[in-house]
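Okay, structure first, notes after.
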Amino acid sequence: MDRSEASLRNRFSGLPLDRDELSRLSESALEALWPTAQVVLVDFEGQTPGDDAGPRWLHGADLGPARLADASFLGKNPDQAAWFALPTERLAPGELPAAPRIDLRRAAAHWPPFHSGVFAYAKALLLWQSRARHCGACGAATQLVRAGHCARCRNPDCALQHFPRTDAAIIVLVSDGDRALLGRQRSWPERRWSTLAGFVEPGESLEDAVRREVGEESGVTLDSVRYHSSQPWPFPGALMVGFRAVAEDPRIRVGEELEDARWFAARDLVAAIRSDAVRLPPPISISRRLIEDWLVETLGQAALAELPQD
Ligand SMILES: [Zn+2]
């Protein structure tokens, strides 16, 4: 197996978990796994019990056999330990660990990759479930089947099966010689600049979406567009598909979605980051990876050592 692909470097990617689809269909297999399984708890706001030191998750045995019916099977890790996800609202107050709550962004910055990856997976699956309680075709209530991976319409005349959805979004670093195009949205923290991004629309390829979004947001037209890597981004339920593109016409006309868009020469960008005039997106994001990879390509590996650690 080729384990060299670029996405492995992106947070939440390459989770070493066997999703074991056969077990999803076998009640007896799930019952056997449950007592020793790790149960990832996620609340209505997408937070989980724990702190910077790590999660405070439970085992199936802590909750008893009846709770298996409310849980979704995530898979097995390489030690064959099983992982489930469970919304905290299904638990009685006494069953919840007495711990503070932590959100995924913070957890991803502090926890080992496996734990933040399994939290990301659980959060995305449970969020989809919370939005799939009714059939989108006939409006009847749905029932979760396949250990939480399918919502089946209860109306026998419809019986449509709904599967977890992921919203594809493109994110792109556009270059022009030794310059890169970055933008900022009004709602972002002060001095934050990032690569351009947007959701793929019906009837578009990923590359079509790259060209449209860059055009709408900055007015820049593109020559080549090539794939970089991808990242699950459960904020709330996206898959970020990263690209590198080269400008054809670099003239900027800032569109309505952005407060500003500018070309940054690589050297100037490093200087602006060092003087805190520019702040990059968080280290867990693919946008940060796109910018860092471009800096290394343009200035060499030493450029990263000049950047402040955050
Ligand atoms: Zn239906």
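Each reported figure results from applying straightforward, stated rules to the coordinates on display, with no laboratory input. Since we're looking at a predicted model, the values are computed, not measured. No Cβ is skipped: glycine too gets one built from the backbone with ideal geometry, and neighbour counts run over all protein chains shown.
How far is helix 206-218 tilted off the main Cα axis of the chain, in degrees rounded to 10, range 0 to 90?
50 degrees
Kindly provide the GluC sites (Glu not before Pro) of region 1-102 that DSSP labels as loop, not H, G, I, E or B, and whose Cβ sees at most 14 other Cβ atoms within 10 Å.
Glu5, Glu45
Region 50-91 to region 223-237: how many Å between their Cα centroids?
Taking the Cα centre of each part, region 50-91 and region 223-237 sit 29 Å apart.
What FRET efficiency would be calculated for the residue pair His134, Glu292, taking the C-beta separation as r and a Förster radius of 41 Å, to the nearest 0.05?
0.45
How much length is gained if the chain between Asp79 and Arg154 is pulled fully straight, taking 0.36 nm per residue apart and subtracting their Cα-Cα distance, in nm to one decimal?
Using 0.36 nm per residue and subtracting the Cα-Cα distance, I get 23.3 nm.
Only Cα pairs within less than 10 Å get springs; with that Gaussian network setup on the chain, which residue of Pro93, Pro281, Pro232 has the largest fluctuation?
Taking springs between Cα atoms under 10 Å, the residue moving most is Pro93.
Considering only Trp34, Gly64, Pro87, whose Cα is most displaced toward the positive end of the charge dipole of region 6-130, charges sitting on Cβ of Lys, Arg (+1) and Asp, Glu (-1)?
Looking along the dipole axis, the top candidate is Pro87.
Let me know the Rg and Dmax you get for region 6-130 when you use only its Cα atoms, in Å.
Every Cα atom of region 6-130 included, Rg and Dmax give 13.8, 44 Å.
Considering the zone a paramagnetic label at Ala66 would reach in this model (a point 7 Å from Cα along the Cα-to-Cβ line), which residues of region 72-108 have amide N under 19 Å from it?
72, 86-97
Give the peptides 167-179, 242-254 in descending order of average Cβ contacts within 10 Å, highest first.
My ranking of the peptides, most packed first, is 167-179, 242-254.
At what distance in angstrom do the alpha carbon centres of region 258-297 and region 104-166 lie from each other?
Distance between centres, Cα-based: 35 Å.
Just for the Cα atoms in the chain, what are the lengths along the principal axes, largest first, rounded to whole Å?
61, 47, 40
Could you give each residue of region 288-303 its phi-based ³J(HN,Hα) in whole Hz, using Karplus coefficients 6.51, -1.76, 1.60 with θ = phi - 60°, and x for Gly or Pro?
4, 5, 4, 5, 5, 4, 5, 4, 5, 5, 8, 10, x, 4, 4, 4
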